[in-house]
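Peer 1: Before we start, here is the structure in question, set down as structure tokens.
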Amino acid sequence: MQSYRNEVIVLILGYAKWTGPGKQDATGTITLIKGIKNILVDTGIPAQKNQIIKKLKENGLNTYDIDFVVLTHGHVDHIG
């Protein structure tokens, strides 16, 4: 039986930084699991759309190559 391996690639590293009293900018890490089926884990904030597309291209993929999108939870910095 043939063995298939997935590659886990961090497309965009998440961050959290305080911008003032009680204010924070944050976005989650966006991860690609590349294999027979390609999985995008979290989608960051809306402003990261072009950055995600660029990173997918750098890894030989486009948006149509993504088979599944997994959203870890419903905060805006993970589901943009």
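Peer 1: Give the residues of segment 64-80 that are under 21 Å from residue 15 (Cα atoms), under 13 Å from the mean Cα position of the chain (by Cα) and open to solvent by less than 70 Å² (accessible area, probe 1.4 Å), sorted by residue number.
Peer 2: Answer for segment 64-80, where residues must be under 21 Å from residue 15 (Cα atoms), under 13 Å from the mean Cα position of the chain (by Cα) and open to solvent by less than 70 Å² (accessible area, probe 1.4 Å): 70, 77, 78, 80.
Peer 1: Every residue in segment 36-63 that is open to solvent by 40 Å² or more (accessible area, probe 1.4 Å), modelled with pLDDT under 95 and either touching a Cys at 6+ places or on another chain (Cβ under 8 Å) or not charged (D, E, K, R) (or both), please.
Peer 2: If the condition is that a residue be open to solvent by 40 Å² or more (accessible area, probe 1.4 Å), modelled with pLDDT under 95 and either touching a Cys at 6+ places or on another chain (Cβ under 8 Å) or not charged (D, E, K, R) (or both), then 36, 45, 46, 47 are the ones that fit.
Peer 1: Still on this structure: So how many residues does segment 1-35 have that are at pLDDT below 90, hydroxyl-bearing (Ser, Thr, Tyr) and open to solvent by less than 70 Å² (accessible area, probe 1.4 Å)?
Peer 2: So the count comes out to 1.
Peer 1: Do we have any residue at all in segment 64-76 that's in contact (Cβ under 8 Å) with a residue 60 or more places away in the chain and out of contact with any Lys or Arg (no Cβ under 9 Å at 6 or more places or on another chain)? So that I can check it myself, show each step before the final result.
Peer 2: Let us first name the residues in segment 64-76 that are in contact (Cβ under 8 Å) with a residue 60 or more places away in the chain, namely none.
Among the residues of segment 64-76, not one is in contact (Cβ under 8 Å) with a residue 60 or more places away in the chain and out of contact with any Lys or Arg (no Cβ under 9 Å at 6 or more places or on another chain), which makes the answer no.
Peer 1: I've got another one for you. Does segment 18-36 contain at least one residue that is assigned to a helix (DSSP H, G or I), closer than 16 Å to residue 80 by Cβ and over 9 Å from the mean Cα position of the chain (by Cα)? Talk me through it step by step, then tell me what you get.
Peer 2: To start, the set of residues in segment 18-36 that are assigned to a helix (DSSP H, G or I) comprises none.
For segment 18-36, residues assigned to a helix (DSSP H, G or I), closer than 16 Å to residue 80 by Cβ and over 9 Å from the mean Cα position of the chain (by Cα): absent.
The values are calculated or read from the model by the stated rules, or taken from the named source; none is laboratory data. On a predicted model such as this, the values are computed, not experimentally measured, just so you know. Cβ sites come from the backbone with ideal geometry, for glycine too, and all protein chains shown count toward neighbours. Quick note on the areas: whole protein, heavy atoms, side chains included, nothing else; ligands and nucleic acids left out. Shrake-Rupley method; radii C 1.70, N 1.55, O 1.52, S 1.80 Å.
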